[in-house]
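**Student:** Starting off with a structure, shown below.
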Amino acid sequence: MKYQRFEELPIWKSSLEATKTIYDLTANAKWSKDFGLRDQIRRAIVSVSSNIVEGFEKSNNNEFIRFLKIAKGSAGEVRNQLYIGLSVSYISQN
């Protein structure tokens, strides 16, 4: 299937859902006092969708793949920051 607009990409739609989840999660009192970690995880999750879009808009498969790899790196950063949030009891395993 050939997508004409990034808004059609399932991966982009999923990244927006993840962004909302992270913003909702980090809106609680524990995260709100830790400006550094809260802002870093929010920047990283925004980077995921932004890099998907940037790569798509390049209209070049090699560039799209390169930006998807960057987005994957940002997603890994978010996972790490969630582990940090877990280790300092900002979130639970659930």
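The values are calculated or read from the model by the stated rules, or taken from the named source; none is laboratory data. All figures in this text were calculated on a predicted structure; none of them were measured in a lab. Quick reminder, even Gly has a Cβ in these numbers, built from the backbone with ideal geometry, and neighbours come from all protein chains shown. Heavy atoms of the whole protein, side chains included, go into the accessibility calculation; ligands, DNA and RNA do not. Shrake-Rupley method; radii C 1.70, N 1.55, O 1.52, S 1.80 Å.
**Student:** Given Lys2, Lys13, which one is open to solvent by 40 Å² or more (accessible area, probe 1.4 Å), part of a helix (DSSP H, G or I) and among the basic types (Lys, Arg)?
**Tutor:** Lys13
**Student:** Given the conditions (1) open to solvent by less than 80 Å² (accessible area, probe 1.4 Å); (2) under 30 Å from Lys2 (Cβ atoms); (3) at pLDDT below 95, which single one is not true for Ser59?
**Tutor:** Failing condition for Ser59: (1).
**Student:** Here's a follow-up. Output yes when any residue across the stretch 28-40 is open to solvent by less than 20 Å² (accessible area, probe 1.4 Å) and at pLDDT 95 or above, and no when none is. I'd like the intermediate steps shown before the answer.
**Tutor:** Of the residues in the stretch 28-40, the ones open to solvent by less than 20 Å² (accessible area, probe 1.4 Å) are 31.
Pick out the ones that are also at pLDDT 95 or above and you get none.
Checked the stretch 28-40: no residue is open to solvent by less than 20 Å² (accessible area, probe 1.4 Å) and at pLDDT 95 or above.
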